[in-house]
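What follows is calculated from the coordinates using simple rules that are stated; it is not laboratory data. Computed from a predicted model, the values in this text were never measured in an experiment. So basically every Cβ, Gly included, is an ideal-geometry build from the backbone, and we count neighbours across all protein chains shown.
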Amino acid sequence: MSGPLSNLRVLELGTLIAAPFAARLLAEFGADVIKVEPPGGGDPLRSWRKLHKGVSVWWYLQSRNKRSIAIDLRQSAGQEIVRKLAAEVDVVIENFRPGTLERWGIGWEALSQINPKLTMVRISGYGQTGPSAQKPGFGAIGEAMGGLRYSTGEPSAPPSRMGVSIGDSIASLHAVFGALMSVMNVKTNGGMGQVVDVSLCESVFNMMESLVPEYDLFGFVRERSGGSLPGICPSNTYPTKDGRFVVVAGNSDSIFRRLMIAIGRPDLASDPALERNEGRVLQATMIDGAIGAWTSALPMKQILAQLEAAEVPCSPIYSVVDLVEDEQFKAREMIVTETLPDGTAIKMPGIFPRLSKTPGERRWLGPGLGAHTDEILGGIGYGQETVDALRASKAVG
């Protein structure tokens, strides 16, 4: 293996989205990720959303570059395997409800005694402590409690959600950041291992910008604002003549002036009351009306041409149809073609972020359930006869 994390060993005790996405990001940059799944069905993500010959295409992406071992964590023999694996790795990532791993004898106290340098990333709904710690939680709950849902949607409509599991993914990014900080402390500072406690709610809450200080000092509660960005003007979504929608962001003072000239409103460009953002916010409805009137009279292609010529940030609202055909994404290898086990070609997202010297790489797609069980067990001293006995007892698969 190559990549900036090629010397990092990770044990993933996770299902579905938050922990598996975090582990995937590490695997894409060279980490040796061992994914533990229950024998029989494996990670439920294997059967989520669109299936190709019984397997989710999301699974093939989410478990890219990982090795799969099937272990029954409820059996003592399976728990012993996890303890032996934990002794060999740098990071354990898990997203069980707090207390579950402790009941199985593979929680932080047990594993850190075996491996004092271990980093244990624990992703949960509410965190490992506090009055809500034991409650079940998914990304949707994190989005609701973290403040994102309340501020998302049209003012006259109920709170909305985004079309992806953004709460889980935000938690995953915090988990990776925390894991690498802890590992760096161990490897460069000679520090000891520690718990990286990532809650879904707090991960979303951490993204909520000035929400809390604005409320505390001014009593201001940010409400839903549709396609606009509260407190920043103009930044909104506008209709086009050909029935599409364009996002226009004239946020900065100089861009605002260029935008107004481009839409034929030099009077607004030179209005002293609109010179700075704080003045424009007071007249956001009028400014959005002027931009919307202009975009409504023109097709998308002409809007983009004129705004790009004026160096005003703008973009059509992309569906996946637009996204996979976009020349910018293609040029940066963000749309790549992979081959499924039966030979079917399939487009997948490329690897991000892009590192100039030590980029990530795609080595294989999500593997079959337990595809690496024998290999992994052999690597920690289990002979084939013992492996066969474990498989016969259904401790492994």
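Pop a pseudo-label 7 angstrom from the Cα along the beta-carbon direction at both THR129 and ARG354 and give the gap in nm to one decimal.
Computed distance between label sites THR129 and ARG354 equals 4.3 nm.
Working out 0.36 nm times the residue gap between GLU154 and THR339, then minus their Cα-Cα distance, what length gain in nm do you get to one decimal?
Length difference between fully extended and current span is 62.5 nm.
Grab the beta carbon distance between SER393 and MET162, set R0 = 35 Å, and tell me the FRET efficiency rounded to 0.05.
After rounding to 0.05, the efficiency reads 0.20.
Which log10 I(q)/I(0) values, to two decimals, does the range 286-393 give at q = 0.12 Å⁻¹ under the Debye formula with one point per Cα?
Per q value, in the given order, log10 I(q)/I(0) is -0.73.
For the range 338-386, state what percent of all Cα-Cα pairs lands in each successive 10 Å bin, counting from 0 Å until the bin that includes the largest distance.
Bin by bin from 0 Å, the calculated values are 19, 30, 30, 19, 2.
Net charge near LEU26, counting Lys/Arg +1 and Asp/Glu -1 over other residues with Cβ under 15 Å of its Cβ?
Neighbour charge sum, excluding LEU26 itself: +3.
With +1 assigned to the C-beta of every Lys and Arg and -1 to the C-beta of every Asp and Glu, and no other charges, what is the dipole magnitude of the chain about the Cα centre in debye, to the nearest 20?
Dipole size: approximately 580 debye.
Of GLY178, PRO234, LEU282, whose Cα points farthest to the positive end of the dipole of the range 168-288 (charges on the beta-carbon: +1 Lys, Arg; -1 Asp, Glu; origin at the Cα centre)?
Working it through, the farthest residue towards the positive pole turns out to be PRO234.
Could you give me D for the range 116-266, from Stokes-Einstein at 25 °C and 0.890 mPa s, where the hydrodynamic radius is the Kirkwood radius over C-alpha pairs? Units µm² s⁻¹, please.
Once the numbers are plugged in, D ends up at 133 µm²/s.
Across the chain, how many lysine pairs, 8 or more apart or on two chains, come within less than 15 Å at their alpha-carbon atoms?
The result is 7.
Starting from the 7 Å offset along Cα-to-Cβ, what nm value, one decimal, do you get for the label separation of GLU325 and PHE177?
3.7 nm
What whole-number distance in Å separates the alpha-carbon centres of the range 217-235 and the range 77-107?
44 Å
Using the Cα centre as the reference, give the magnitude of the dipole from point charges on the C-beta atoms of the range 152-306 (Lys, Arg: +1; Asp, Glu: -1; all else neutral), rounded to the nearest 20 debye.
Charge dipole of the range 152-306: 580 debye, to the nearest 20.
Considering only LEU118, VAL57, GLY191, whose Cα is most displaced toward the positive end of the charge dipole of the chain, charges sitting on Cβ of Lys, Arg (+1) and Asp, Glu (-1)?
So the residue furthest toward the plus end is VAL57.
How compact is the range 1-44 by the rule of thumb for globular proteins, expressed as Cα Rg over 2.2 N^0.38 Å?
The value comes to 1.19.
If you build a Gaussian network model of the chain, linking Cα atoms that sit under 10 Å apart, which residue out of LYS135, LYS66, LYS301 swings the most?
Checking each option, the largest mean-square fluctuation is seen for LYS301.
Which value in nm describes the separation of the simple spin-label points at PHE138 and SER76, placed 7 Å from the Cα toward the beta carbon?
Label-label distance for PHE138 and SER76, simple model: 3.6 nm.
Quick one: grab Rg to one decimal and Dmax as a whole number for the range 26-164, Cα atoms only, in Å.
Answer for the range 26-164, Rg first and Dmax second: 17.8, 56 Å.
How much length, in nm to one decimal, is gained on full extension between GLU88 and GLU275, taken as 0.36 nm per residue of separation minus their Cα-Cα distance?
Answer, rounded to one decimal: 61.3 nm.
Given the range 1-123, what percent of its DSSP beta bridges are antiparallel, to the nearest 5?
Bridges in the range 1-123 are about 10 percent antiparallel.
Considering the range 303-347, what Rg and Dmax in Å follow from its alpha-carbon atoms?
15.1, 49
Which ³J(HN,Hα) values, rounded to whole Hz and listed in residue order, are derived for the range 94-107 from phi using the Karplus coefficients 6.51, -1.76 and 1.60 in 6.51 cos²θ - 1.76 cosθ + 1.60 with θ = phi - 60°, glycine and proline given as x?
9, 9, 7, 5, x, x, 5, 5, 4, 5, 8, x, 10, x
Per residue, what volume in Å³ does the convex hull of the Cα atoms of the range 193-263 enclose?
193 Å³
How high is the relative contact order of the range 104-236, in percent, counting Cα pairs under 8 Å that sit 6 or more residues apart?
The normalised contact order for the range 104-236 reaches 34 percent.
Show me, for the range 322-330, the HN-Hα J-couplings you get by feeding each phi into the Karplus relation (A = 6.51, B = -1.76, C = 1.60, θ = phi - 60°), rounded to Hz, glycine and proline as x.
Per-residue couplings from phi come out as 5, 4, 6, 9, 5, 5, 5, 4, 5 Hz.
Between LYS241 and TYR318, what FRET efficiency follows from the Cβ-Cβ distance if R0 is 25 Å, with the result rounded to 0.05?
Calculated value: 0.85.
Let me have the relative contact order for the chain, percent, based on Cα pairs under 8 Å that are six or more residues apart.
After rounding, I find 19 percent.
Run the numbers on the range 215-256 and let me know its relative contact order in percent, using alpha-carbon pairs under 8 Å that are six or more apart.
Dividing the mean separation by the residue count of the range 215-256 yields 26 percent.
Hey, what do the phi angles of the range 173-180 turn into as Karplus ³J(HN,Hα) couplings, whole Hz, using 6.51/-1.76/1.60 and θ = phi - 60°, x for Gly and Pro?
Values, residue by residue: 5, 4, 5, 5, 4, x, 4, 5 Hz.
Computed over the Cα atoms of the chain, what is the convex hull's projected area averaged over all directions, in nm²?
Directional mean of the projected Cα hull area for the chain stands at 23.6 nm².
Find out how many positive minus negative residues lie around GLU154, taking Lys and Arg as positive, Asp and Glu as negative, among other residues whose Cβ is under 11 Å from that of GLU154.
So the environment of GLU154 carries a net charge of 0.
Can you give me the pair-distance distribution of the range 220-311, C-alpha pairs, 5 Å bins, whole percents?
Pairs per bin, as whole percents: 3, 15, 26, 27, 17, 9, 3, 1.
Using a Förster distance of 35 Å, how high is the FRET efficiency between ASP216 and LYS50, based on the Cβ-Cβ distance and rounded to 0.05?
So, using R0 = 35 Å, E works out to roughly 0.20.
Beyond 20 Å, what percent of the Cα pairs of the range 83-145 remain?
So the portion of pairs separated by more than 20 Å is 31 percent.
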